[in-house]
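Chemist: Questions regarding the structure given below will be posed in turn.
The values are calculated or read from the model by the stated rules, or taken from the named source; none is laboratory data. Because the structure is predicted, anything quoted here is derived from the model rather than measured. Reconstructed Cβ throughout: ideal geometry from the backbone, glycine too, with neighbour counts over all protein chains shown.
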Amino acid sequence: MRKPRDGQDTRQRVLSSAMTLFAEQGFAGTSLADISKDCGISDGLILHHFQNKKNLYQAVLEQSADEYTKVFESVRESAGSPQAMMQEAMLAAFKFWKEDTSYQRLSLWSYLEGQSGLSEKEAQFTAGMAQMVEQLQTQGMINNQISPVVLMTMVIGPIHFWLRYREQFKETLQLPDALDELDEIFIRQLLQVISMISSKEG
């Protein structure tokens, strides 16, 4: 007797394979046949769940953004002061991007392929973070001389750049420390810089 299909399990298997392949090969370089072969689910069933490749790609972006935003939601719930929350958020972001490069690679491929618009979840998250920074500035808790978007970029940009090129830095500059030790030095000093910049006395 044939086992009934679990629609949610099927959908998640497709999303998992699609995320891996889109991150490795981009949207244009990945076919539904590639995804079907990787996850063992027919093209027809994939289309039944997602209608077309673009919808599947958007679903992958939304799932990735959802996993990313959950990291920050847990920090916001557990952190105390705004300064502590900012530090914990930076540490959480660094850990997330270091351990799972798929989200970074998807973002880079989207940019290279001209699909650089934010997913709905990313747009909501970005707007929420900017609003939170603005509220803290209004309350006089952090420096109000820097716009929220600039402050957010000053946090996110260096982390992405470091994780992308740290191995080349180590080799080219002949740095003696192990990569994990260099990561600790980087994030500790970045935290110090952002703390000085965002300080209300800054």
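Chemist: Give the residue, chosen from 184, 120, 167, 113, that is in contact with a Phe, Trp or Tyr (Cβ under 8 Å, 6 or more places away or on another chain) and surrounded by fewer than 16 Cβ atoms within 10 Å (Cβ to Cβ).
Modeler: 113
Chemist: Please go through segment 110-167 and pick out each residue that is part of a loop (DSSP other than H, G, I, E, B) and not small (Gly, Ala, Ser).
Modeler: 113, 115, 118, 139, 141, 142, 143, 144, 145, 146
Yes/no matrix, rows are residues, columns are (1) on the phi > 0 side of the Ramachandran plot; (2) touching an Asp or Glu at 6+ places or on another chain (Cβ under 9 Å); (3) among the acidic types (Asp, Glu):
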residue: 137; (1), (2), (3): no, no, no
residue: 146; (1), (2), (3): no, no, no
residue: 153; (1), (2), (3): no, no, no
residue: 167; (1), (2), (3): no, no, yes
residue: 179; (1), (2), (3): no, yes, no
residue: 190; (1), (2), (3): no, no, no
residue: 199; (1), (2), (3): no, no, no
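Chemist: Let me confirm something: among 36, 107, 42, which residue is under 26 Å from residue 8 (Cβ atoms), hydroxyl-bearing (Ser, Thr, Tyr) and surrounded by 13 or more Cβ atoms within 10 Å (Cβ to Cβ)?
Modeler: When all the criteria are applied, what remains is 36.
Chemist: So which of 15, 91 is farther than 30 Å from residue 140 by Cα, within 18 Å of the chain's Cα centre (by Cα) and either at pLDDT 85 or above or assigned to a helix (DSSP H, G or I) (or both)?
Modeler: 15
Chemist: Same structure again: Would you pick out the residues in segment 92-108 that are among the aromatic types (Phe, Trp, Tyr) and in contact with an Asp or Glu (Cβ under 9 Å, 6 or more places away or on another chain)?
Modeler: 94, 96, 103
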